[in-house]
Structures are given as C-alpha cells and as structure tokens.
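Enquirer: A single structure is presented below for examination.
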Amino acid sequence: MIRSAEFLARQWGPSASEWEGVPVTDGTRHLILVAGAGPAGMAVANMLTKAGHEVIILNRDIKFGGLVEYGIFPSKLKLRGGLKKTYWELLGNSHVHYFGNVSVGRNKDVTLDELRSLGLSAIVFATGAQGTKTIGVEGEAAKGVYHAKDVVFHFNRLPGYGEKPFDMGKRVAVIGVGDVMVDIAHWLTRYKRVEQVTAIARRGLAERKYNPKEIRAICANIDQADLAKEIERIGPRLEAVGQNPAELQKEMAEEFSKCEPKTSHTKVGFRFLSSPKRVLTDADNRVRALELEETKLELKGQDTAAVGLKQYEEFPCDSVVFAVGDKADDAVGLPYKNGTFVTNPTPSGNDPDDALFQAYDEASGKVLDGVFLTGWARKASEGLVGIAKRDGDWCAEVVQRYLRSKPVPDRAQIQRSVERLRAMFRERGVTTVSAIELRALESGEQEHGPSPECIGEFKFLTNQDMLSLIDEKRAASGSLPRR
Ligand SMILES: Cc1cc2nc3c(=O)[nH]c(=O)nc-3n(C[C@H](O)[C@H](O)[C@H](O)COP(=O)(O)OP(=O)(O)OC[C@H]3O[C@@H](n4cnc5c(N)ncnc54)[C@H](O)[C@@H]3O)c2cc1C
C-alpha cells in the first residue's frame with residue numbers, strides 16, 4: 001500500500017487510528033535508517049523505498065530539507081518549492097517513517113550504538129557538515145565575528161539562530177569569494193542595507209569561486225571604480241604568474257552584465273591577495289579592524305597558492321564573517337579525523353568505490369559494518385543540491401549491494417524495530433514530529449502569509465512555536481494523531 005502524495009496533502013492527514021503504528025506492508029525487504037533529511041538523505045531514502053525497502057528517517061530539524069530549508073537563499077522560492085515537492089512525495093510513501101526533531105549523536109536523543117542495537121539492516125548518515133571551520137586567527141572570538149553558516153541559518157530562521165541578534169555594524173568584511181559569500185553579501189545589501197561589504201581573498205580574481213549566475217544578485221552594488229583600482233594595485237603580482245589582469249577584469253565585467261536591480265546604496269567590493277592575520281578589537285572586545293597580510297601567487301602545478309609577503313595593513317570594519325567552508329560535527333559519534341568522518345581507505349565490497357561510502361574505524365582497522373555516509377557528511381561543502389542528490393543515489397546503490405549478502409528480516413522483525421525506536425523516544429520524552437504533523441505545520445505557516453521579518457515565505461522562529469502550532473491544529477481538528 002503506497003500512500004499517495006494527495007493523501008498526505010489532505011490538510012489534517014489520516015485519523016489517529018489510521019496512523020498509530022503504520023503497519024509494515026508487502027514488498028518490504030530490509031529496514032534502513034537514514035539520519036538527516038537534506039538532499040542527500042532524501043535521495044537515499046527515495047532510492048531505497050523505490051527498491052522496496054522500509055526506511056526510517058531521523059532528522060535534527062523539525063522540517064525536512066536541510067540546507068534547502070535553512071541554507072539556500074530564502075527568496076529562491078522556485079528552487080526550494082520544486083525540491084520540497086519531491087520530498088513531500090517521498091514522505092507520502094507508506095514505507096517511509098519520518099521522525100523530525102530527533103538528533104543522533106553523543107549526548108543527543110539517540111546514539112549510534114543504540115541505533116545499531118535495533119536490528120536494522122543498514123544505517124546511512126546524511127547529517128551534512130554541521131561543524132564550523134575557522135582559519136585560526138587571533139581575535140576570532142571577538143564580538144562581531146561570525147561564521148557564514150550561522151549567519152545563513154539566522155536569515156533562514158533555523159531555530160536557535162533566527163532569534164539570535166547578528167549585529168553587523170556598517171562595514172562588513174566577508175572572508176571568502178564563493179557562493180556563500182555572495183549569499184551573505186546579498187542579505188547585507190538588500191535586507192540589512194549596510195554601508196560597505198568587502199569580500200577578502202587570499203588569492204586573486206582568477207581564483208574567485210562564486211557562480212557567475214549567483215553574483216547577479218549583488219553585482220549592481222559592486223563599485224566598478226574601486227574594483228578597477230584594486231585590479232591595478234595587484235596587477236604586477238598577477239602578471240608575475242602569467243595572469244592577464246585586463247582579461248580577468250573583462251571576464252568579471254561580463255559576469256556583471258545581467259545584474260538584478262539595485263535595492264540599496266550598499267557598496268560591494270573586493271580585496272584580493274590579502275590574508276587575514278588577526279581580528280583587531282576595541283576595549284569592549286568588539287571588532288574594529290582586520291589585520292591583513294599582502295600575498296603573492298606561486299604556481300603549484302595547474303593551481304596557485306598564496307604566499308605571505310610580511311607586509312601588514314589594518315582594514316577597518318565593524319564585523320567579520322568567515323565564509324571558508326564547513327566541517328563534519330564530531331558529536332554525531334562516527335569515527336572522525338581532521339574535520340571529516342573517516343571512510344574506508346581500502347577498496348572493498350563488490351565495487352572498489354563502495355569503500356568511499358563506508359564508515360571506518362582507524363583504531364580497529366575495520367569498517368563499521370552496515371554504517372554508510374553520504375552528501376556533505378561524507379565530503380563537507382562539496383557542491384550544490386544536485387551533487388548531494390547524486391551522492392545519495394550512489395550511496396543507495398552501495399547500500400543495495402551490501403544488503404545482497406544480508407539475511408532478509410521478516411515483517412514482524414521490522415515492525416518490532418520501528419516500535420522499539422518509537423518506544424525509546426516516548427520513554428525519553430523526545431517530541432518527534434511526523435510527516436502528517438509537518439503538513440499541519442506547513443498549512444499553518446501558509447495561512448500566516450508573508451511577514452516583514454521573513455525573507456520569502458513565513459517561518460516560525462522556534463521549535464516551540466512550531467510544536468504549539470501543531471498542537472493547536474490537533475485541538476482544532478480532533479483528527480491529527482497524537483505523538
Ligand atoms: C549558504 C548556502 C547556500 C546554498 N545555496 C545553494 C543554492 O542556491 N543552490 C544549490 O543547488 N545548492 C546550494 N547550496 C548547497 C546545498 O545546500 C547542499 O549541496 C546540500 O544541502 C547538501 O545536502 P546534505 O543532505 O548533504 O546536507 P544538508 O542539506 O546539510 O542536510 C543535513 C540534514 O541532516 C540533519 N542533521 C544534522 N545533524 C543531525 C544529527 N546529528 N542527527 C539527525 N539529523 C541531523 C539536518 O537537520 C539536515 O536536515 C547552498 C549551501 C549553503 C551552505
């Protein structure tokens with residue numbers, strides 16, 4: 001029995017008796033748990049249910065989507081809406097059991113060892129890259145220093161971040177020249193309307209990382225005269241490694257030919273060949289400037305590296321945002337090294353690439369049997385949604401190959417495992433949120449309509465607000481299932 005998307009789309013979902021202990025149905029072969037409901041986790045769950053398996057999804061956030069909900073710029077409604085539609089279709093499948101508001105990890109709602117004791121056929125970690133990367137400069141803990149992901153979570157209203165104040169001041173230095181820098185500059189330009197945003201790069205124009213389409217959101221605010229001066233300033237250092245400043249400038253100018261209309265007087269600029277050395281603070285430990293070291297480029301094969309010139313300068317600013325990538329969160333409890341979860345270094349399994357997805361314990365020199373990684377949990381900050389989805393698809397294939405040699409559990413065993421998990425959450429007082437409850441939440445948010453404090457669609461700010469809304473819907477309809 002496949003529940004249709006239309007079935008879930010009904011505002012209140014099925015009655016409590018229909019929902020309680022959704023039965024494990026014909027066609028089931030294995031029970032797989034996926035931790036994380038971002039693009040990678042949803043892709044794994046989708047492929048495995050299509051193959052006839054039963055899938056449990058545990059997700060830290062109440063809502064599914066991961067960075068689709070809380071990372072991608074909130075005004076990209078078409079992109080977000082299209083992705084969310086496919087995720088709703090997945091949750092409409094009766095072989096999928098969604099538990100939102102559940103974190104896996106040490107001192108969290110459930111640990112890896114507890115999950116492994118449930119008799120699942122496989123566990124896939126698609127928990128993204130929740131750790132914060134720093135570049136380790138003095139002053140990083142000063143007031144006014146932020147990490148890009150936290151800022152992005154703030155303007156996307158992720159509970160825990162949406163309600164925190166992010167005082168940016170008038171002049172903001174953003175470290176990095178990738179798409180995340182562009183999103184931060186977009187928010188600062190259009191919504192915060194600060195005076196000045198400067199993207200700071202250790203290398204030059206040729207090494208800029210943003211997508212030319214993304215820069216359209218802010219290019220009307222780029223101060224062309226300042227950019228020309230900056231290119232002139234660093235020109236000799238670019239020529240020293242065979243780069244042509246005029247050509248690079250022309251390339252950049254072409255990227256700026258389809259800018260979105262200007263909505264503020266914010267000036268956006270670039271500072272190239274400059275490496276942040278220290279955050280300088282005032283007596284109140286608040287950012288007053290960045291100390292930058294001038295760099296030059298050195299060729300490293302096909303690539304370039306920045307080399308410090310020991311010439312330092314104070315760059316005045318009121319806040320600093322580090323947009324230098326993310327790392328995995330070691331509290332998840334998987335073997336962890338240098339910011340990433342460890343995967344099997346030795347080709348193994350039916351396909352040599354299977355090892356890339358297998359969690360691996362270096363201490364014992366063994367793979368964690370039946371534990372897999374995908375998406376940004378496997379490779380932090382690697383690519384756009386399409387790449388994460390493809391990674392999830394590949395991971396599902398690896399899991400399928402693994403399952404071939406495993407005994408197929410019977411339906412009663414699967415039902416017991418799902419019920420044990422539910423009981424565990426009940427006993428611990430973990431307030432889980434089901435797909436049906438999410439539908440009620442979504443309809444409540446839509447009813448609310450647009451709001452000046454939200455970019456894009458309205459979102460409740462805290463988990464408590466979301467849970468209260470779900471409770472209100474339940475009380476009003478009498479048909480939403482109890483948790
Ligand atoms: C600022 C920013 C803007 C972006 N903009 C775009 C864009 O415009 N277009 C585009 O295509 N791509 C964009 N991307 C990239 C895209 O968001 C990622 O490629 C993709 O979301 C990665 O998917 P994932 O499933 O691996 O991780 P995530 O999307 O991070 O999902 C991880 C999921 O795991 C859950 N989770 C975390 N920890 C736990 C835990 N301990 N237990 C249980 N669950 C947990 C989270 O709640 C989340 O649902 C952007 C990324 C960023 C950072």
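The values are calculated or read from the model by the stated rules, or taken from the named source; none is laboratory data. Computed from a prediction, not measured in an experiment: that's the story for all the values here. Glycine also receives a Cβ, built like all others from the backbone with ideal geometry; neighbour counts cover every protein chain displayed.
Enquirer: Could you please find all residues in segment 386-412 being assigned to a helix (DSSP H, G or I) and acidic (Asp, Glu)?
Expert: Within segment 386-412, 391, 393, 397 meet the criteria.
Enquirer: Another one. Those residues that are loosely packed, with under 13 Cβ neighbours inside 10 Å, among the small types (Gly, Ala, Ser) and in a helix (DSSP H, G or I), I need them from segment 229-255; list them, please.
Expert: Answer for segment 229-255, where residues must be loosely packed, with under 13 Cβ neighbours inside 10 Å, among the small types (Gly, Ala, Ser) and in a helix (DSSP H, G or I): just 246.
Enquirer: Return the total of residues in segment 374-420 being within 16 Å of the ligand (Cβ to nearest atom), charged (D, E, K, R) and out of contact with any strand residue (DSSP E or B) (no Cβ under 9 Å at 6 or more places or on another chain).
Expert: So the count comes out to 5.
Enquirer: Which ones in segment 414-430 are among the aliphatic types (A, V, I, L, M), assigned to a helix (DSSP H, G or I) and within 13 Å of residue 99 (Cβ to Cβ)?
Expert: Matches in segment 414-430: 418, 421, 423, 424.
Enquirer: Here is a follow-up. Out of 348, 364, which single residue is out of contact with any strand residue (DSSP E or B) (no Cβ under 9 Å at 6 or more places or on another chain) and part of a loop (DSSP other than H, G, I, E, B)?
Expert: 364
Enquirer: Between a first residue in segment 363-379 that is modelled with pLDDT under 95 and a second residue that is within 16 Å of the ligand (Cβ to nearest atom), which pairs have beta carbons less than 9 Å apart while being 6 or more apart in sequence or on different chains?
Expert: Here the result reads none, with nothing in segment 363-379 linked to a residue that is within 16 Å of the ligand (Cβ to nearest atom).
Enquirer: Let me ask something else about it. Kindly provide the set of residues from segment 174-228 that are crowded, with 17+ Cβ neighbours inside 10 Å, assigned to a loop (DSSP other than H, G, I, E, B) and within 19 Å of the chain's Cα centre (by Cα), ordered by number.
Expert: Result: 176, 177, 178, 210.
Enquirer: Okay, moving on. Would you mention how many residues in segment 280-311 are under 17 Å from residue 201 (Cβ atoms) and among the β-branched types (Val, Ile, Thr)?
Expert: The number of residues fulfilling the criteria is 3.
Enquirer: Out of all the residues in segment 315-343, which are away from the ligand (no atom under 16 Å from the Cβ) and either in a helix (DSSP H, G or I) or in contact with a helix residue (DSSP H, G or I) (Cβ under 6 Å, 6 or more places away or on another chain) (or both)?
Expert: none
Enquirer: Here's a follow-up. If a residue must be over 17 Å from the mean Cα position of the chain (by Cα) and near the ligand (Cβ under 10 Å from one of its atoms), how many such residues does segment 58-88 contain?
Expert: 0
Enquirer: I'd like to verify a number: residues in segment 356-396 that are more than 19 Å from the chain's Cα centre (by Cα) and on the phi > 0 side of the Ramachandran plot, how many?
Expert: 2
Enquirer: Residue pairs, Cβ under 8 Å, 6 or more apart or interchain, first in segment 324-350 and of a type in the set (D, E, K, R), second in a strand (DSSP E or B). List them.
Expert: Once the first residue is of a type in the set (D, E, K, R) and sits in segment 324-350, its partners that are in a strand (DSSP E or B) give 326/131; 326/132; 327/131; 327/132; 327/340; 329/131; 330/131; 330/336.
Enquirer: While we're looking at this one, here's another question. Starting from segment 145-158, keep only residues that are basic (Lys, Arg), then list their pairs with residues that are in a strand (DSSP E or B) whose Cβ atoms are within a distance under 7 Å, requiring at least 6 positions of separation or different chains.
Expert: Listed by first residue and then by second, the contacts come to 149/132; 149/326.
Enquirer: A further question follows. Mind counting the residues in segment 349-371 that are away from the ligand (no atom under 13 Å from the Cβ) and aromatic (Phe, Trp, Tyr)?
Expert: Residues in segment 349-371 being away from the ligand (no atom under 13 Å from the Cβ) and aromatic (Phe, Trp, Tyr): 1 in total.
Enquirer: Looking at segment 424-432, is at least one residue out of contact with any Ser or Thr (no Cβ under 9 Å at 6 or more places or on another chain), within 16 Å of the ligand (Cβ to nearest atom), under 21 Å from residue 87 (Cα atoms) and of a type in the set (A, V, I, L, M)?
Expert: no
Enquirer: Among the residues of segment 93-138, how many are surrounded by 15 or more Cβ atoms within 10 Å (Cβ to Cβ), part of a strand (DSSP E or B) and not aromatic (Phe, Trp, Tyr)?
Expert: Number of matching residues: 10.
Enquirer: Can you tell me which residue in segment 146-161 is farthest from residue 269 (Cα to Cα), limited to those that are buried (at least 20 other Cβ atoms within 10 Å of the Cβ) and more than 12 Å from the ligand (Cβ to nearest atom)?
Expert: 157
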